[in-house]
1. Need a quick list: helices (runs of 4 or more DSSP H) entirely within the range 78-188 having at least 1 residues that are touching a strand residue (DSSP E or B) at 6+ places or on another chain (Cβ under 9 Å).
2. With the structure loaded, tell me whether residue 203 is in contact with a helix residue (DSSP H, G or I) (Cβ under 7 Å, 6 or more places away or on another chain) and at pLDDT 95 or above or whether it fails that test.
3. Considering only residues that are at pLDDT below 80 and of a type in the set (Lys, Arg), look in the range 96-134 and name the one that is nearest to residue 306 (Cα to Cα).
4. Take the residues of the range 39-71 that are in a strand (DSSP E or B) and β-branched (Val, Ile, Thr): which is nearest to residue 23 (Cα to Cα)?
5. Among residues belonging to the range 182-196 that are farther than 20 Å from residue 64 by Cβ and among the β-branched types (Val, Ile, Thr), point out the one that is surrounded by the fewest Cβ atoms within 10 Å (Cβ to Cβ).
6. When only residues in the range 264-311 that are hydroxyl-bearing (Ser, Thr, Tyr) and touching a residue at least 40 places away in the same chain (Cβ under 8 Å) count, which is surrounded by the most Cβ atoms within 10 Å (Cβ to Cβ)?
Amino acid sequence: MKIGVVIPAYKVVKQISNVISSLPSIIEHIIVVDDKCPDSSGKEAEKINDNRIKILYRERNGGVGAAMITGYKKAIQLGCDIVIKIDGDGQMDPVYIDKLIAPIVNGEADYTKGNRFMNPNILKIMPKIRLIGNSVLSFWTKISSGYWNVMDPTNGYTAIRKEILENLELDKISKRYFFESDMLINLNLINAVVMDISMLPKYADENSSLNIWKAIIQFPPKLLKGFIKRLFLKYFIYDFNMASVYILIGVPIFFLGVMFGLIEWHDSVINNTMKPLGTIMLLTLSITLSFQMLLQAIHIDISLTPKRRIK
């Protein structure tokens, strides 16, 4: 089984050499993608005497997603059976590589990713502001991606098998820091099995290029778009089940009930009148019933989290 590593390189000139030199011998191909780095991280990697290294230079900066897509395509060309993503900033410990690829090798998963929250020691290591921010993003991504069993969606330490890469529309995946979250959304659309692997990060003097609070502001519109796309394709194009029925009935009734309720409330305030009990009961029933339908749809979505690996 041929294993490759893709390292997106941007402003990691101080760390890239240590990252590459720490990779174990089971890695047959080390693909470094210089994403138009102003510090020439790719040139720094060229100084390392290791025939496993392939360095790709992008003509313009496209973000971590664009660099990874370039690297993934090269890995497919090289015939890699499993492709690992490791950032060039030194925060991902190569000691976890065996643990990361084991579920894929054993046929248990299509895609594995690091999860820093599975280890209780993370409370001592991760900066508190990142801990809170990641928790918020994790919940939003669970809803958007449909992978209710995973946490820590911004963790970029991942491994994926070749067959899944070939099934993904790589050019349609987000090119910048939304890349990892968008990968999960697209993986769910092809029913890939995703598994979290417990690991701890390494925090030293280097700073993460992902601003967690900036992500909390920028990610929600993208997550909402991904959620609507997944919902439409998975429950109305690829399949039609009870979740589809609950969504079709529950969503319109819920919003109509809320809108009608606001109109009636406004009218009663302006005219200083009480609404009939029947009107109040109708509003309460419509909102309660529709909310229950949406909860049932969520329950079905959770139960349909992919569990069997794609053949």
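1. Values: elements: 97-105, 122-125, 128-145, 162-167.
The qualifying helices (runs of 4 or more DSSP H) are 97-105, 128-145, 162-167.
2. Working: in contact with a helix residue (DSSP H, G or I) (Cβ under 7 Å, 6 or more places away or on another chain): yes; at pLDDT 95 or above: no.
No: the conditions fail for residue 203.
3. 130
4. Taking the range 39-71 and keeping what is in a strand (DSSP E or B), we get 53-57.
From the residues that got through so far, the ones that are β-branched (Val, Ile, Thr) too are 53, 55.
Working: 53: 11, 55: 16 Å.
Of everything passing the filter in the range 39-71, 53 is nearest to residue 23 (Cα to Cα).
5. 190
6. Filtering the range 264-311 for residues hydroxyl-bearing (Ser, Thr, Tyr) gives 268, 273, 279, 284, 286, 288, 290, 303, 305.
Filter once more, keeping what is touching a residue at least 40 places away in the same chain (Cβ under 8 Å): 290, 305.
On the way: 290: 21, 305: 17.
Out of the qualifying residues, it is 290.
The values are calculated or read from the model by the stated rules, or taken from the named source; none is laboratory data. Remember, it's a predicted structure, so these values are computed and weren't measured experimentally. For neighbour counting, all protein chains shown are included, and Cβ atoms are generated from backbone atoms with ideal geometry for every residue, glycine included.
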